[in-house]
1. Name the long-range amide H neighbours of residue 229: under 5 Å, sequence gap of 5 or more, or other chain; modelled H, no Pro or chain starts.
2. Sort 330-336, 68-74, 162-168 by packing, meaning the average of other beta carbons within 10 Å per residue, with the highest value first.
3. So what's the gap between the Cα centers of the stretch 205-219 and the stretch 25-73, to the nearest angstrom?
4. Quick check for me: using +1 on Lys/Arg Cβ and -1 on Asp/Glu Cβ, what's the dipole size of the stretch 42-201 about its Cα centre, in debye to the nearest 20?
5. In straight Cα distance, which lysines are under 22 Å from residue 104, not counting same-chain residues fewer than 8 positions off?
6. In whole angstrom, how far apart do the alpha carbon centroids of the stretch 121-144 and the stretch 366-383 sit?
7. Determine the gain in length on full extension of the stretch residue 366-residue 384; use 0.36 nm per residue of separation and subtract their C-alpha separation, reporting nm with one decimal.
8. Using 0.36 nm times the number of residues separating residue 44 and residue 302, minus their current alpha carbon distance, what extension gain do you get?
Amino acid sequence: MPPASDVVAIVKAHQITHIRLYDADPHMLKALAGSGIEVTVGVTNEEVLEIGESASAAAAWINKNVAAYMPSTNITAIAVGSEVLTSVPHAAPVLVTAMNNLHKALVAADLNFQVKVSTPQSMDIIPKPFPPSTATFNSSWNSTIYQLLQFLKNTNSYYMLNAYPYYGYTNGNGIFPIDYALFKPLPSVKQIVDPNTLFHYNSMFDAMVDATYYSMDALNLSVIPIVVTETGWPWQGGSNEPDATVENAETFINKLIQRVSNNSGPPSQPTIPINTYIYELFNEDKRPGPISEKNWGLLFTNGTAVFPLSLGGPSQITGNSTAVFCVAKDDASEDKLRDGINWACGQGQANCSAIQSGQPCYLPNNIKNHASYAYNDYYQKMHTVGGTCDFDGTATTTTIDPSKFEQVFSSLCSY
């Protein structure tokens, strides 16, 4: 893994604004200070029992892992455990107590308005998610889930859901077409419709989120917003995992981004946007299990994307032939390029932090590469309001993404 400061530079270069950590890693929390990035920190499954049994352990956890970094690190949520009900059921009896203890500690530290407490659960606690309208939580967890939902409602928090159409499809024995899992349009004869509500489901992702809303409804609780804390698609698998491909992962991730960016909810809750975290930033090469388990990462550790990604909205789409980039001309004089960089990074308000020494776009360290980075950062921000790509005759526009040429920039340093 790159050092924490490099991870933060990579995250910023890809215009990522929210990060979920699986723990409360001090290096990451320190490196995120001053970035404005919204951070969800994690209580590990191993810590849930102690915090559930001791209010003072919860207060110590908050002081060490949250209060110590705020407000310069923008911590906005605590994820208590990971899929506790299905992965560590013996901790389930104290899960809601642990959440309550953490919340009380936040109140004592006067941080309860900034920091929400919730707990990510897997879709496995809903035994029959289709059709969504008849979905219910597994009844053996009813009292725990009821207490959990009451807690989320009382503290104005949200339900954290891990929703994986990849598993819904691969474990579904061919019931659903792969296009439904990949957000691709279905022919009219194959539309997926809930027979009770007659709602059309254009994607398995929407159906999973809706199944969770209906499961809450079955417990007669008012709507608690759902945030998807994990979803993704593996881009490589073993010979028995034919659907884990770069092509499918690229389709799923980019269509997912399009889907959640329209700010609408699933059919039963159209006005509640589905805020979503993509699993995951980097591969986990040491993860046990099938090959696909190791290959969910969006980025290589040098910050380049595994496939073209459009995380920061339209101008970010890498490999889009209509995108226009502003780069330094080959024959421009170094003096003029220096003046151009100084203007772009000063008056022009380009963000040039990535080309400082030790930062991810510093190499290759030559004036033309640094100028291209600064020029393009200025141009992408300003061309819609009249900014030009000239810089005293030292710059030119191109439709060829400079990141495609390794010697110019890694795609991290594309724009």
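The values are calculated or read from the model by the stated rules, or taken from the named source; none is laboratory data. Not measured: the values here are computed from a predicted model. As a convention, Cβ positions derive from the backbone with ideal geometry for all residues, glycine included, and neighbour counts pool all protein chains shown. Note: areas computed on protein heavy atoms with side chains; ligands, DNA, RNA excluded. Shrake-Rupley method; radii C 1.70, N 1.55, O 1.52, S 1.80 Å.
1. The list, which skips near neighbours in sequence, is 161, 162, 163, 277.
2. Values: 330-336: 12.1, 68-74: 15.9, 162-168: 22.1.
Descending packing order for the listed peptides: 162-168, 68-74, 330-336.
3. Cα centroid to Cα centroid, the span is 30 Å.
4. Values: 7 positive and 9 negative charges, 75 e Å.
About 360 debye.
5. List returned: 64, 116, 153.
6. 51
7. Details: separation 18, 0.36 × 18 = 6.48 nm, distance 2.87 nm.
Going from the current span to full extension adds 3.6 nm.
8. Working: separation 258, 0.36 × 258 = 92.88 nm, distance 2.73 nm.
That works out to 90.2 nm of additional length.
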